[in-house]
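Here, each number is a calculation from the coordinates, and none is a lab measurement. As the structure is a computational prediction, the values presented were derived from the model and not from experiment. Cβ sites come from the backbone with ideal geometry, for glycine too, and all protein chains shown count toward neighbours.
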Amino acid sequence: MEKKIQFSDKQKELIWKFFVLPQGGTKEESELFIERCEISGLNPIEGDVVFSKYVSKKTGKPQVKFIVTRDAMLKAATMSPDYVGPPISSVAREGDDLEIEPTKALVHHKFGSKRGKIIGSYAVLKHKRFDPVVVFVEFDEYFKANASSQTWQQYPAVMIQKVAETFALRRQFPILSGFYIPEEMGEEDTPKHTEVVLNNADSVPDSSPLTIEETAEAASSSEETSSIEESASKEAEGDKVNEFKLLGMEEKEKGNGVKYLFITVVNQTTGEKLVLFAPQGESMDEAKKIPADKPFRMKYRTVTNGKGELTYILESVLANETESEESEVTPAESASSQEEMYLLVKEEGKKTPKGVPYFILNVRNVSTGEELLLVSRDEEKVKKIPRDKPFKMVYREENGFNVLQDVKGA
């Protein structure tokens, strides 16, 4: 099947490391997720789709769902040559005059003078090659399944209309099958992710389950931007890595059997205590390298959830200062680059949850044609990049991201 987008090996590794592994996903599940994203054109790096793994309340078994928004599904549909236009939809209430002919995809809907309770929502979607379709979803079915959702309580009409439009989009564009929006998932089968939240640095925090709306918000934007913020800030700080000492380590297990660690450490310089999260996989393997009786150095990244709360995720455990003096490479020596020529493909300005601006840059290697994803918080460096001719640059890899160091010009 034709792929709408194709990720580079580096982007695939980024998706695995920052979007699938922290949710307890496996390498095989990551490969499937990436394949489905490439076919549909939905990009997790840009926040179109979220990988979600959880234990179903209905079956008690692990489930994997790819969570999107209605707008992301519409974006994927617009990439198809068969796309005609967005769904035509509305909400039907008691007192309205509504007639639907499903086999002909015809809807006659006239608002009543006195409109009562919501009955449901319909959506009509046309297609260049297929006959148009009409779907109708019953309001009571979805409202009961999401009875305690504050969003459904406040905006019931908006929610049910999104469900109808999503059904129509999946019906006309099969590449969207297997993708779900939070609004159509009842609470009995809604992913509840355990996010480690640093509420008090003096104690190990309680794990706090977030709703799917909060999880999708955190994973689609905050996880990526927070990690970029961490990498970019290290650039400004000279990549300083402090020494820590282990205070305690606690292993836990999710309902689906996925293990993780809470690690409490103290900064030897400031005396500040820190609680880190190590998900099963490379991060947990790194945690096992932490010495119990002497200081150590480490790298970790910061993730912000939908509530603006922080989680510290262990990246790697390093040799301590005395052991690594001879082999340590300075940031300038480890920077990649130098003689290759690049062209700017795309520049996008964003902000972290704290409002700090940064840039995501797509550049293409003139010699190989390979595209590279860069990040930078330095607006002056970004302005130095020529928009219409090749240039040289220096960058270095930090926490899975390529951080722009300098622009050399043509």
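Candidate cross-link partners of residue 53 among the lysines, defined by an alpha-carbon separation under 22 Å and a same-chain spacing of 8 or more, comprise 12, 17, 27, 61, 65, 192, 252, 254, 259, 307. 3J(HN,Hα) couplings calculated from phi for the range 178-184 with the Karplus curve 6.51 cos²θ - 1.76 cosθ + 1.60 (θ = phi - 60°) are, in sequence order, x, 9, 10, 9, x, 5, 9 Hz; Gly and Pro show x. Around the amide H of residue 243, modelled in the peptide plane, lie the amide H atoms of 268, 269, all under 5 Å away and 5 or more residues distant in sequence or on another chain. The 3J(HN,Hα) values that the Karplus relation (6.51, -1.76, 1.60; θ = phi - 60°) gives for the range 94-108 are, in residue order, 4, x, 7, 9, 10, 10, 10, 10, x, 5, 10, 6, 10, 10, 10 Hz. Gly and Pro appear as x. Please state, as a whole number in µm²/s, the translational diffusion coefficient that the Stokes-Einstein equation yields for the range 9-190 at 37 °C and 0.692 mPa s, with Rh defined as the Kirkwood radius across alpha carbon pairs. Answer from the Stokes-Einstein relation: 185 µm²/s. Averaged over residues, the count of other Cβ atoms within 10 Å places the peptides 83-92, 70-79 in the sequence 70-79, 83-92, highest first. Near the amide H of residue 127, within less than 5 Å, lie no amide hydrogens of residues on another chain or at least 5 residues away, with H placed in the peptide plane.
Summed over all non-identical Cα pairs, the Kirkwood treatment of the range 63-161 gives a radius of 15.2 Å. Across the range 359-364, computed HN-Hα scalar couplings (Karplus, 6.51 cos²θ - 1.76 cosθ + 1.60, θ = phi - 60°) run 10, 10, 10, 9, 10, 10 Hz from first to last residue, x flagging Gly and Pro. Shown is the FRET efficiency for residue 268 and residue 115, computed with R0 = 56 Å from the Cβ-Cβ distance and rounded to the nearest 0.05: 0.25.
Listed from fewest to most Cβ neighbours within 10 Å, the set 109, 127 follows the order 109, 127. The stretch between residue 39 and residue 6, if pulled fully straight at 0.36 nm per residue, gains 11.0 nm over its current Cα-Cα span. For residue 280, the residues whose modelled amide H falls within less than 5 Å of its own, excluding neighbours fewer than 5 places apart on the same chain, are 259.
Restricting the range 115-168 to trypsin sites (Lys or Arg not before Pro) that sit in a DSSP loop and have at most 13 other Cβ atoms within 10 Å of their own Cβ leaves 115, 117, 128, 129.
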